[in-house]
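Let me begin by presenting the structure, written as structure tokens, before commenting on it.
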Amino acid sequence: MNPFLLSAPALALFGVMLVVPLIMTFILSFHSFGFYTGIEFTFGLHNYIDVLTDDYFYEIFGRTFAIALAVTVICVIIGTPMAFFLQRMRAWTRSIMVLIVLGPLLVSVVVRTLGWMILLGNNGVINSALMDMGLLTSPFRMMYTSGGIVVALAHVMVPFMVLAVWAALQRQDPATIAAAESLGARRSTIFRRVVLPQAMPGILSGSLIVFSLSASSFATPSLIGGRRVKVVATTVYDEFLNTLNWPLGAAIAIILLVAVLVIMVTWNRVVERQFAGVFQ
Amino acid sequence: MAYLELDHLSKAFGPFQAVADFSLDVARGEFVSLLGPSGCGKTTTLQMIAGFEEPTSGTIRLNGRDLSGVAARDRGLGIVFQTYALFPHMTVAENVGFGLDMRKVRGKERKRRIAAALELVHLSHLAGRHPRQLSGGQRQRVALARALVIEPELLLLDEPLSNLDAKLREEMQLELRRIQQEAGVTTLLVTHDQNEAMALSDRIAVMHAGTLVQEAAPFEAYERPTTAFASAFLGKSNAIHGRYEGPEFVTKDGVRLAAPAPAADGAGAAGDVMLALRPERILFVEEADAVVSGKVVERVFLGDQWLFKVATPVGELLVTRRNGGHAEPEPGATVHLAWAADHLRVLAPEAAA
Ligand SMILES: Nc1ncnc2c1ncn2[C@@H]1O[C@H](COP(=O)(O)OP(=O)(O)OP(=O)(O)O)[C@@H](O)[C@H]1O
Ligand SMILES: [Mg+2]
């Protein structure tokens, strides 16, 4: 049978669920909005101009990408060694560890984030413990900060990084490690010069996933950031549901999409060029 | 004193004895092959020399130095792995330079030695390529250059040619021999390919089930195998079972054959023995000169030669004949066979063989 025909159901689903709403959002972003008239079916770039000329939005976009970048870096730093140890474990300890690593994904986002709120709050577990121990006199604010969002997001994003890097490590020939050892390399040198570069495709795909998911995440920033620390996704939500300015919200969403795409493609190019030998 | 001495080396994995009481001496500059069937412990032996496996007992001495307790990275051996194990993210030159980096060889000296190593394996023009952009034979040579550039005390090769197709393998055999001789490095090759072992080595060590069966120069090992296993594993061989009755050999079906006298101490002095006979030593002759006659059961054309299976009173015999370009007996035809008695080797029959 024709492969195209076989993938038709998937394509249809993809079309209905993703492409159609995306196109409608795209069209919507060119309409305009009046307080008394509602959505007017005009056609112009004024929404984009509004966003791109307003410092308020620059701050929100800047914060969003800074958070996504921080989350990505933390996930690379935590996830890569984790994947490395996972790779070296025996079969049965490994299956237990994989379950533990996947743990954050098995818990609903709301429950998980509420958990972080209990930990991070001014009267939360961490602050109370530190104050009881006398290390702090007044609570260190973690709720409603970008830092809090980064911590809670990193928690749920690490599994994606671990799995991506682990997959890359499994593809590499273990004899390359033995070869490096026989040539006189120590453990740390082997990790840095042999294992890590070969894991680059995994680190790349993991960081692409983590970055794009973090940049567009909604639930965690809205719960932990609250009304004070807005990111792009929560701003779009506010435009749609509070201000009811759907066209502006659509324009912000499209800009986010394009920006994330541009960043991902650039990053992909840079890494692939740098490590040409392991990609193909 | 030998350059490399394996002294009563053993390795057990739990209850399983992978290598048992293995002793071998290798002289400086010598090329020795460990030859044996799959699973006989060749790789395990090599890994113990390389330092990746700890021997259960026994010692390894290289150039008078006891290697037990010396980490793999401090042994200074050049190893070529079966999968080549090239670093895919490094260019050919960087791969070759890795060992030099570990030895803190820098600048001009580093460049000179990389160039020399690539020159040796005829790959200078590909220095900037990544391993993925190379053919199997080229990767193989990069792996060799990477192992040789550190001027190893010993070169270990684990079935380095087994991933190559037949034609390339023959080319690389010549190439490997040339490189080894030019570099003058003492080499231990592991292989299950008897042709490779015979073509390359100064000496062959035949292994069977973790033990050393025979150790000899290729010609010697082929001509005078000391066990039934060695005779069957090194090339093709016919086995004729029987026993000596006085000076005469009688097969188990009662056929009398002229055979060399049994060695006084060794096999055949008493009890069952086996005569080994190479298929290429059997000739097709006139009926009058025949030692035995028989019917052709099977005939296989191999290009440069023919392989016959002939049913005779002494058992089924394999016979090979050079393809002289004329018709050969068809299956079903009666043929008359003869051989010189001194081509027969008297061996103790092996329970496992
Ligand atoms: N880590 C291990 N644990 C248990 N048994 C092992 C281990 N490594 C090897 N063996 C066993 O030891 C025996 C010898 O293995 P080895 O790899 O040395 O064989 P080989 O001669 O190199 O065979 P091949 O030609 O197939 O590579 C095999 O029967 C193998 O199953
Ligand atoms: Mg092996």
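The values are calculated or read from the model by the stated rules, or taken from the named source; none is laboratory data. In this text, all values refer to a predicted model and were calculated from it rather than measured experimentally. When we count neighbours, we look across all protein chains shown, and the Cβ atoms used for this are built from the backbone with ideal geometry, even at glycine. The protein model used for the area step is the full one, side chains on, heavy atoms only, and it has no ligands, DNA or RNA in it. Shrake-Rupley method; radii C 1.70, N 1.55, O 1.52, S 1.80 Å.
Here are some notes:
- Output for region B:134-165, where each listed residue is acidic (Asp, Glu) and within 14 Å of chain A (Cβ to nearest Cβ): B:151, B:153, B:158, B:159
- Remark: pairs (first residue in region A:256-280, touching a residue at least 12 places away in the same chain (Cβ under 8 Å) and more than 14 Å from chain B (Cβ to nearest Cβ); second residue aromatic (Phe, Trp, Tyr) and part of a helix (DSSP H, G or I); Cβ separation under 8 Å; 6+ apart in sequence or on different chains) = A:256/A:61; A:259/A:61; A:259/A:65; A:260/A:211; A:263/A:65; A:263/A:211; A:264/A:211; A:267/A:211.
- When region B:301-314 is filtered for residues that are surrounded by 11 or more Cβ atoms within 10 Å (Cβ to Cβ) and closer than 15 Å to residue B:328 by Cα, the ones remaining, listed by number, are B:305, B:306, B:307, B:308, B:309, B:310.
- For region A:113-161, residues that are under 19 Å from the mean Cα position of the chain (by Cα), free of Cβ contacts under 8 Å to residues at least 60 places away in the same chain and surrounded by fewer than 18 Cβ atoms within 10 Å (Cβ to Cβ) total 1.
- Filtered residues of region B:39-97 (kept if part of a loop (DSSP other than H, G, I, E, B), facing chain A (nearest Cβ under 8 Å) and of a type in the set (Val, Ile, Thr)): B:83, B:91
- Count - residues of region B:115-133 that are more than 14 Å from chain A (Cβ to nearest Cβ) and in a helix (DSSP H, G or I): 7
- Residue identified as out of contact with any Lys or Arg (no Cβ under 6 Å at 6 or more places or on another chain) and at the interface with chain B (Cβ under 10 Å from one of its Cβ atoms) among A:221, A:197, A:247: A:197
- Tally, over region B:206-229, of residues that are touching a residue at least 24 places away in the same chain (Cβ under 8 Å), out of contact with any Phe, Trp or Tyr (no Cβ under 6 Å at 6 or more places or on another chain) and within 19 Å of residue B:25 (Cα to Cα): 6
- Filter pass, residue A:276 being within 30 Å of residue B:103 (Cβ to Cβ) and modelled with pLDDT of 95 or more: no
- Scanning region A:162-174 for residues that are within 14 Å of chain B (Cβ to nearest Cβ), open to solvent by 20 Å² or more (accessible area, probe 1.4 Å) and in a helix (DSSP H, G or I) yields one hit, A:171.
- Cβ-Cβ contacts under 8 Å between residues 6 or more apart (or on different chains), taken from a first residue in region B:19-39 that is without any contact (Cβ under 8 Å) to a residue 40 or more places away in the chain and away from ligand 2 (no atom under 16 Å from the Cβ) to a second residue that is in a strand (DSSP E or B) and open to solvent by less than 40 Å² (accessible area, probe 1.4 Å), are listed as B:25/B:4; B:25/B:5; B:25/B:6.
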